[in-house]
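The values are calculated or read from the model by the stated rules, or taken from the named source; none is laboratory data. The shown structure was predicted, so the numbers you read here are calculated from the model rather than taken from an experiment. Positions of Cβ are generated from backbone atoms using ideal geometry, with glycine treated the same way; all protein chains shown enter the neighbour counts.
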Amino acid sequence: MDETTVVPTAREGRLRTGQRVPVKIERLVFQGDGLGRLPDGRVIFVPLTAPGDEVDARVEEDRGHFVRGAAVRILAASAVRTDPPCRYFGTCGGCQWQHVAYPVQLDWKRRILEELLVRVGKLPGVPVAPAIDPGSPWEYRARAQLKVIGGARPCMGFHQRETNRVVDIDRCPLLDPRLNALLHAMRHMKHPSFFSLFQGLREAWVALGTGTGELLLSLFARAQDRSALRLLFHTLQAASPGLQGVVLLEGDPRQAPRIVDWCGAHVFHERIGDARFQVGATAFFQVSGLAAAGLTSLVLEGAALAGTERVLELYSGVGTFSVPLAKRARELVGIEANAGAAADGG
């Protein structure tokens, strides 16, 4: 503790922005922050900390009943702290826990779910099984939604933590190498540059069928002409042979965007076990093929169908569970509000 560190008491009232306080991190909370307690009993949320860390924290905001802070330095590191492998970690807002050992991450995911079921769901006593370890915590993601900025200094990446600024990344260690290869090809296009092909380019979605190797690129942009779409597709396909198509989308990326044009195909295929799925640009699918396979096994095991049942599946999507369930039931009815996902189906 140095001369700038202050230990507040309950009588001192609110803390000043910029004031420094020593904090022992007790736990992780939903959305990833570490939680500690001030001497007056209030909680302080400190990002990028681990349970057991002792930190010198700077007050960012005192909200009365809780405080938000930032770790200036680690006074004593937790035994569960580890070195994050990504050079963008801490700036990029895509990850919160790379500094925490992976088995500990899985345990805290279980604990957080257990707490939310009680505090929000009012469901005490619900048993929560340990989180399933999908294997490596790296190179497992088969989907990514990247922000794109054109102009004189183009960039493509993810939002900086709690801001709208975009962190320019050349590789994400969470993505399947085939997606990173596609992003590399996009970034290094010359004459013309990928960033100059379309007006209003703001997002790029990449998706991979891990069981088929098929890729799909979707862009939120205005095509200057269809030749730009063809040029992009054929240029990228030469670098990423699994690329099935490039799709142009319009509307709010978070609320039912619409397909307006495409070159090649506007869907890709995924295979989970003995089921094959057709997935459109706007349809939801699990970000990990291994996770999808694991979830499907759990659903089939829990359903324990004998072949005589009628099954009703709500929010059926493209049929991740519907297809394998239908093969084991007398009849299945899936209900899905996303017409595109329902039309794709399995």
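In this entry, Met189 passes the filter for residues that are at pLDDT 90 or above, assigned to a loop (DSSP other than H, G, I, E, B) and either touching a Phe, Trp or Tyr at 6+ places or on another chain (Cβ under 9 Å) or surrounded by 20 or more Cβ atoms within 10 Å (Cβ to Cβ) (or both). Beta carbons closer than 9 Å, at least 6 apart along the sequence or on distinct chains, pair a first residue in the stretch 194-222 that is at positive phi with a second that is surrounded by fewer than 21 Cβ atoms within 10 Å (Cβ to Cβ) and part of a strand (DSSP E or B) for Gly200/Arg222. Close Cβ contacts (under 6 Å, 6 or more residues apart or on different chains) running from residues in the stretch 174-186 that are touching a residue at least 12 places away in the same chain (Cβ under 8 Å) and surrounded by fewer than 19 Cβ atoms within 10 Å (Cβ to Cβ) to residues that are in a helix (DSSP H, G or I) and of a type outside the set (Asp, Glu) comprise Ala185/Leu236; Ala185/Ala239. Taking the stretch 319-346 as the search range and keeping residues that are under 25 Å from the mean Cα position of the chain (by Cα) and among the acidic types (Asp, Glu), which one is surrounded by the fewest Cβ atoms within 10 Å (Cβ to Cβ)? My answer is Glu336.
Considering only residues in the stretch 23-56 that are of a type in the set (Gly, Ala, Ser) and in contact (Cβ under 8 Å) with a residue 40 or more places away in the chain, the one that is surrounded by the fewest Cβ atoms within 10 Å (Cβ to Cβ) turns out to be Gly32. Note on the stretch 161-171: residues that are buried (at least 17 other Cβ atoms within 10 Å of the Cβ) and closer than 13 Å to Gln96 by Cβ amount to 1.
Just a yes or no: is a residue in the stretch 51-64 within 20 Å of the chain's Cα centre (by Cα) and among the β-branched types (Val, Ile, Thr)? Within the stretch 51-64 (the criterion being within 20 Å of the chain's Cα centre (by Cα) and among the β-branched types (Val, Ile, Thr)), the answer is no, since none of the residues qualifies. Do any residues in the stretch 129-140 that are surrounded by fewer than 15 Cβ atoms within 10 Å (Cβ to Cβ) have Cβ atoms under 8 Å from those of residues that are among the acidic types (Asp, Glu), where the two are at least six apart or on different chains, and which pairs are they? The qualifying pairs are Pro130/Asp107. Only residues that are surrounded by 18 or more Cβ atoms within 10 Å (Cβ to Cβ) and within 24 Å of Ala144 (Cβ to Cβ) were counted across the stretch 294-315, and they come to 1. For the stretch 201-212, the count of residues that are out of contact with any Ser or Thr (no Cβ under 8 Å at 6 or more places or on another chain), of a type in the set (Phe, Trp, Tyr) and not assigned by TED's automatic domain parsing to the domain that holds Gly340 is zero. So is Arg254 of a type in the set (Lys, Arg) and in contact (Cβ under 8 Å) with a residue 24 or more places away in the chain or not? Against the criterion (of a type in the set (Lys, Arg) and in contact (Cβ under 8 Å) with a residue 24 or more places away in the chain), Arg254 does not qualify. Please work out if Asp107 is among the charged types (D, E, K, R) and either loosely packed, with under 13 Cβ neighbours inside 10 Å or over 26 Å from the mean Cα position of the chain (by Cα) (or both). Answer is no for this residue.
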